[in-house]
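The values are calculated or read from the model by the stated rules, or taken from the named source; none is laboratory data. In this text the structure is predicted, and so the values were computed from the model without any measurement. Reconstructed Cβ throughout: ideal geometry from the backbone, glycine too, with neighbour counts over all protein chains shown.
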Amino acid sequence: MTIYAVALSKGGSTKTTTAAEIAAALARRGRRVLAIDLDQQGNFSTRLGITNDTEVSAVAADVMTGESSAREAAVPAPSVAGVDVLAGTYDLATLDQRPEVITALRDHLPNVAGEWDDVVIDTPPALGLVTLAALAAADVVVAAVACETEAYDQLDRLVDVITQRVAPIMKPGQRVHWIIPTRHDTRRLLDREVVELLNRDHPGRVTTPVREAVAARDAYTAGQPVSVYAPGSGIADDYAAALAPILDNPHT
Amino acid sequence: MPPRKRLSIADRNKAAIAHDTPEPLPEKDEGEQTATPPAAPTKAQKTLTKQKKTTAARTSSDTARLGVYISTDEYEDAKAAYVTAYARGGQIDNFARWIAAALNEHAARTTAQRAKHARMKERSPWGKGKAGASRSFAIPTDTLERMQEAMDDDLIAGQWPTRSEWAGDAIAAAVEAARAEGPLLDPPKRLPNRLKRGKQRHTLDR
């Protein structure tokens with residue numbers, strides 16, 4: 001079982017869009033996928049077809065606090081066959097006051113390795129305990145970095161947090177394994193320069209960029225990953241190209 | 001253990017809001033709609049928000065914040081150009097107003113003229129890994145409107161700078177213009193809110 005965590009503390013960097021694409025891509029490869037939505041906004045759940053009317057026995061927050069198992073809480077993703085979802089709800093809002101959650105996923109997910117082949121975790125745009133819990137559990141950390149200065153700056157912060165707070169004890173050797181430049185517009189000089197700088201600072205770990213596209217927003221409204229909503233679109237092709245090295249070689 | 005009662009996501013969210021003090025929501029994802037409505041503010045939060053809005057209305061009814069990502073060198077050059085202009089007899093005694101004047105000047109140029117002032121890659125905050133930072137300035141809204149109109153004209157002409165890049169070009173052009181008149185003064189590390197003229201031409205009120 002490989003556990004992927006998509007992280008960056010800058011909102012709007014398309015973490016959720018990227019996490020949904022990873023889940024969908026793994027499912028297309030025949031993998032059984034558990035999608036864990038750790039953002040109280042629940043956007044990852046929404047992109048996989050979960051709605052306000054979806055009935056659940058438990059949610060992601062319950063699994064984090066030990067009140068439920070992933071097996072009990074998981075519901076099939078309406079939009080992607082082969083993916084089950086631990087829904088993100090406002091219950092996650094209080095977990096940053098509960099230090100015990102920091103190792104919850106790291107310790108619990110190995111117990112459900114027989115149920116799913118891979119896990120994809122979407123994290124909130126913050127570096128609190130919930131995100132640290134994802135980073136402590138992940139085998140592969142993927143940073144979705146929008147081509148803007150604010151997101152570029154936050155990548156350094158993510159690297160520092162992992163190095164100083166996760167790698168020493170919680171998950172020895174943990175690091176950012178892959179960086180996906182997102183919301184890329186080839187017409188903008190800044191976007192090209194961000195990609196150059198990412199490649200300079202993280203050689204060998206930067207994928208090809210993913211374009212900015214309205215299809216990503218429309219896909220959210222439709223409750224689907226963009227590659228399911230618009231399989232022939234440019235952004236879907238960009239994601240396929242960007243994710244290929246990650247899914248083929250998860251541990252670089 | 002009896003099976004857990006199944007609730008809808010909407011019911012789970014309502015219960016979470018009802019039982020817990022709402023936490024501030026993380027930064028809203030740009031371009032992504034929220035799946036559920038924001039948490040209802042507590043009475044204390046509503047009062048604080050009202051006070052903040054009132055204060056904002058009193059002090060900045062005709063300005064808005066403009067964020068500019070600018071390299072350290074360019075920022076120091078801008079400060080130097082600003083204090084030098086004042087020392088030379090200029091009337092602008094506030095750095096944000098100097099920035100606004102630079103923006104107005106740049107907006108008044110033609111698209112072709114602005115293209116000539118566009119900073120080369122080496123001079124941009126990203127050139128050669130120069131350190132930079134995002135700076136925020138309170139700019140009159142009519143200046144921002146002129147800036148947007150000029151950016152729209154540039155777009156039509158096939159130029160695609162971001163707001164930050166455009167503003168950075170405007171500031172760089174103002175620095176160039178100041179340099180053309182003579183050497184620039186060394187600015188203080190921290191600018192005062194307002195410059196004041198003393199007995200010496202370049203005395204600054206700290």
Check your understanding: Among all residue pairs at least 6 apart or on different chains, which show Cβ distances below 7 Å where the first residue, located in region B:80-101, is under 11 Å from B:ARG194 (Cα atoms) and touching a residue at least 40 places away in the same chain (Cβ under 8 Å) and the second is small (Gly, Ala, Ser) and not in a helix (DSSP H, G or I)?
Key -> B:ALA96/B:ALA138
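So, A:THR207, is that one β-branched (Val, Ile, Thr) and more than 17 Å from the chain's Cα centre (by Cα) or not?
Numbers: β-branched (Val, Ile, Thr): yes; more than 17 Å from the chain's Cα centre (by Cα): no.
Considered against the rule, which asks whether it is β-branched (Val, Ile, Thr) and more than 17 Å from the chain's Cα centre (by Cα), A:THR207 comes out as no.
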Practice item. Quickly run through region A:31-57 and pick out the residues that are at negative phi, surrounded by fewer than 24 Cβ atoms within 10 Å (Cβ to Cβ) and within 12 Å of another protein chain (Cβ to nearest Cβ). Key: A:THR51, A:ASN52, A:ASP53, A:THR54, A:GLU55, A:SER57
Exercise for review: For residues that are more than 8 Å from chain B (Cβ to nearest Cβ) and of a type in the set (Ser, Thr, Tyr), tally how many sit in region A:190-221.
Suggested key: 2
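Looking only at region A:219-226, decide whether some residue is out of contact with any strand residue (DSSP E or B) (no Cβ under 7 Å at 6 or more places or on another chain) and within 28 Å of B:GLY158 (Cβ to Cβ). Before the answer, list the steps.
Within region A:219-226, the subset out of contact with any strand residue (DSSP E or B) (no Cβ under 7 Å at 6 or more places or on another chain) is A:219-226.
Keeping just the survivors that are within 28 Å of B:GLY158 (Cβ to Cβ) gives none.
No - not one qualifying residue is present in region A:219-226.
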Exercise for review: Being within 30 Å of A:ASP160 (Cβ to Cβ) and under 18 Å from the mean Cα position of the chain (by Cα) narrows it down to one of A:THR46, A:THR65, A:THR16, so name that one.
Suggested key: A:THR16
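Here's the yes/no breakdown for (1) among the acidic types (Asp, Glu); (2) surrounded by 22 or more Cβ atoms within 10 Å (Cβ to Cβ); (3) in contact with a Gly (Cβ under 9 Å, 6 or more places away or on another chain):
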position: A:ARG188; (1), (2), (3): no, no, no
position: A:GLU196; (1), (2), (3): yes, no, no
position: A:ARG217; (1), (2), (3): no, no, yes
position: A:ALA242; (1), (2), (3): no, yes, no
**Study point:** Checklist (1) within 29 Å of A:PRO209 (Cβ to Cβ); (2) at the interface with another protein chain (Cβ under 9 Å from one of its Cβ atoms); (3) out of contact with any strand residue (DSSP E or B) (no Cβ under 6 Å at 6 or more places or on another chain); (4) outside any helix (DSSP H, G or I) applied to A:SER68, failing item
**Key:** (1)
Exercise for review: With the condition kept exactly as written, say whether any residue in region A:222-237 is more than 14 Å from chain B (Cβ to nearest Cβ), polar (S, T, N, Q), crowded, with 17+ Cβ neighbours inside 10 Å and farther than 20 Å from A:ALA126 by Cα.
Suggested key: yes
Review point. Which of the residues spanning region B:167-201 are within 14 Å of chain A (Cβ to nearest Cβ) and out of contact with any Lys or Arg (no Cβ under 8 Å at 6 or more places or on another chain)?
Key: B:ALA167
Check your understanding: Do we have A:GLY49 as out of contact with any strand residue (DSSP E or B) (no Cβ under 8 Å at 6 or more places or on another chain), assigned to a loop (DSSP other than H, G, I, E, B) and under 15 Å from A:ASP117 (Cα atoms) here?
Key -> no
Check your understanding: With A:ALA230, A:ALA216, A:ALA242 as the choices, which residue is within 25 Å of A:THR2 (Cβ to Cβ), hydrophobic (A, V, I, L, M, F, W, C), in contact (Cβ under 8 Å) with a residue 12 or more places away in the chain and in contact with a helix residue (DSSP H, G or I) (Cβ under 7 Å, 6 or more places away or on another chain)?
Key -> A:ALA216
Practice item. Any residue in region A:195-209 that's of a type in the set (Ser, Thr, Tyr): show its pairings with residues that are surrounded by 14 or more Cβ atoms within 10 Å (Cβ to Cβ) and in a helix (DSSP H, G or I) at Cβ separation under 8 Å, as long as the two are six or more apart or on different chains. Key: A:THR207/A:ALA242; A:THR207/A:LEU243; A:THR207/A:PRO245; A:THR207/A:ILE246; A:THR208/A:ASP238; A:THR208/A:ALA242
**Study point:** Residue match in region A:26-39 (condition: under 20 Å from A:THR123 (Cβ atoms) and part of a loop (DSSP other than H, G, I, E, B))
**Key:** yes
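So that you can scan it fast, the table gives a plain yes or no per residue for (1) within 14 Å of chain A (Cβ to nearest Cβ); (2) at pLDDT 80 or above; (3) surrounded by 14 or more Cβ atoms within 10 Å (Cβ to Cβ):
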| position | (1), (2), (3) |
| --- | --- |
| B:MET1 | yes, no, no |
| B:PRO26 | yes, no, yes |
| B:THR47 | no, no, no |
| B:LYS52 | no, no, no |
| B:VAL83 | no, yes, yes |
| B:ASP93 | no, yes, yes |
